[in-house]
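Asker: The structure follows.
The values are calculated or read from the model by the stated rules, or taken from the named source; none is laboratory data. It should be emphasised that the depicted structure is a prediction, and the values quoted were computed from it without experimental measurement. Reconstructed Cβ throughout: ideal geometry from the backbone, glycine too, with neighbour counts over all protein chains shown.
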């Protein structure tokens, strides 16, 4: 059972924008921050939030219509604003209307004057240009935060180096009132986190009962083959990629490395018994389901005695959601959208820890020293 304990609570507060399934907000709660309010537009994500945290105040509305119910005294404003217009997994369109939703964060920050603003997105904010100024979006956002009185620090992170078993990379802005948190430092990377402790048991034992977990062998596919061939019952199930068959990366994964990034589109699963993966030339003139007739890429084909796709709980494990966090949706697609778009909970908690420590130093609850060029926080 994957579960976490909430750290000793503080009086520090947070408010969440673009909350989705709650990964960023939950990470701050686990670090002891007090929830005040969250805003989210998607019906099924709101259902997820309200079920898991009935005591949270969830405002179900478009952020462009949203004004927080209180104004003064907020410590941290959270915002994982939409990444689809920036992401390589999306259209990467500089004119996508979602790209300017960060301006709603700045509007609300200017209204509420939080002590700290935490914004999360994808790496492409470093290079993609804001159409009106030609500046990279990261610099444009920083400049607009500066205009309302905030200093900004930003950096990108490989979350496998911060307790999450996937190579997903995220871009984090930390903005604070000018002159207040100059001692803030981002977390230091650690050793990569492997997937073994998160999903191994779920692949081997189909009888484990967990929310959003209904494993069913018998994957139906036009490209991969479940042979039904007999196999040694002691053979372990191994994780595989079932979609994006033109990818250069081998679809068979091992348990002692991080997983690739969990997103909203790639289908992953398990294979057991006589597992093979090979690349073939596809007949793009006469075959069915030809997406790119001009492509020369070879495609991966998996054969195994048994194949099944990941359950929502297995995806959630890789995003470090606790097992008692239940996702609601009318389809597998709605579940995967919530999970894939979320900030990994443990990464969010790591960021929350650095913010909490910086606030405690500012408020005289901790002392800070500089030792050999590195910042050391003293409890």
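Asker: Which members of region 217-231 meet the condition of being closer than 27 Å to residue 337 by Cβ and in a loop (DSSP other than H, G, I, E, B)?
Answerer: Within region 217-231, 217, 218, 219, 220, 221, 222, 223, 224 qualify.
Asker: Does residue 208 count as over 19 Å from residue 318 (Cα atoms), out of contact with any strand residue (DSSP E or B) (no Cβ under 7 Å at 6 or more places or on another chain) and assigned to a loop (DSSP other than H, G, I, E, B)?
Answerer: No, not satisfied.
Asker: With the requirement that a residue be surrounded by fewer than 18 Cβ atoms within 10 Å (Cβ to Cβ) and outside any helix (DSSP H, G or I), what does region 130-155 give you?
Answerer: Across region 130-155, the qualifying residues are 131, 132, 133, 134, 135, 136, 148, 149, 151, 153, 155.
Asker: Within region 101-113, count every residue that is touching a helix residue (DSSP H, G or I) at 6+ places or on another chain (Cβ under 9 Å) and in contact (Cβ under 8 Å) with a residue 60 or more places away in the chain.
Answerer: Number of matching residues: 5.
Asker: Considering only residues that are assigned to a strand (DSSP E or B), surrounded by 15 or more Cβ atoms within 10 Å (Cβ to Cβ) and under 18 Å from the mean Cα position of the chain (by Cα), which ones fall in region 157-200?
Answerer: 157, 158, 166, 170, 171, 172, 173, 174
Asker: Quick one: residue 243 ticks every box in (1) in contact with a strand residue (DSSP E or B) (Cβ under 6 Å, 6 or more places away or on another chain); (2) surrounded by fewer than 19 Cβ atoms within 10 Å (Cβ to Cβ); (3) part of a loop (DSSP other than H, G, I, E, B) except a single one, so which number is it?
Answerer: Every condition holds for residue 243 apart from (1).
Asker: Taking only region 34-49 into account, find how many residues are in contact with a strand residue (DSSP E or B) (Cβ under 7 Å, 6 or more places away or on another chain) and surrounded by fewer than 16 Cβ atoms within 10 Å (Cβ to Cβ).
Answerer: Result for region 34-49: 1.
Asker: Being at pLDDT 95 or above and assigned to a loop (DSSP other than H, G, I, E, B) narrows it down to one of 283, 214, 294, 234, so name that one.
Answerer: 214
Asker: Please determine whether any residue of region 335-348 is at pLDDT 85 or above, in contact with a strand residue (DSSP E or B) (Cβ under 6 Å, 6 or more places away or on another chain) and in a helix (DSSP H, G or I).
Answerer: no
Asker: So, one more: Can you give me the number of residues within region 89-103 that are within 21 Å of the chain's Cα centre (by Cα) and either modelled with pLDDT of 95 or more or not in a loop (DSSP other than H, G, I, E, B) (or both)?
Answerer: Here the count works out to 4.
Asker: Please enumerate the residues belonging to region 254-274 that are touching a strand residue (DSSP E or B) at 6+ places or on another chain (Cβ under 8 Å) and part of a loop (DSSP other than H, G, I, E, B).
Answerer: Within region 254-274, 254, 255, 258, 260, 261, 262, 266, 267, 273, 274 qualify.
Asker: Of the conditions (1) in contact with a strand residue (DSSP E or B) (Cβ under 8 Å, 6 or more places away or on another chain); (2) surrounded by fewer than 17 Cβ atoms within 10 Å (Cβ to Cβ), residue 18 clears all except one; give me its number.
Answerer: Tallying (1) in contact with a strand residue (DSSP E or B) (Cβ under 8 Å, 6 or more places away or on another chain); (2) surrounded by fewer than 17 Cβ atoms within 10 Å (Cβ to Cβ), residue 18 fails exactly one: (2).
Asker: Further question on the same structure: When residue 208 is evaluated against the numbered criteria (1) without any contact (Cβ under 8 Å) to a residue 12 or more places away in the chain; (2) touching a helix residue (DSSP H, G or I) at 6+ places or on another chain (Cβ under 8 Å); (3) in the same structural domain as residue 125 (by TED's automatic domain parsing), which criterion, by number, is the only one it fails?
Answerer: Among (1) without any contact (Cβ under 8 Å) to a residue 12 or more places away in the chain; (2) touching a helix residue (DSSP H, G or I) at 6+ places or on another chain (Cβ under 8 Å); (3) in the same structural domain as residue 125 (by TED's automatic domain parsing), residue 208 violates only (3).
Asker: Another question, if that's okay. State the number of residues belonging to region 298-319 that are part of a loop (DSSP other than H, G, I, E, B) and touching a strand residue (DSSP E or B) at 6+ places or on another chain (Cβ under 9 Å).
Answerer: Total satisfying the criteria: 4.
Asker: Just give me the residues in region 25-43 being touching a helix residue (DSSP H, G or I) at 6+ places or on another chain (Cβ under 6 Å) and either over 16 Å from residue 348 (Cα atoms) or part of a loop (DSSP other than H, G, I, E, B) (or both), in sequence order.
Answerer: 31, 39, 40
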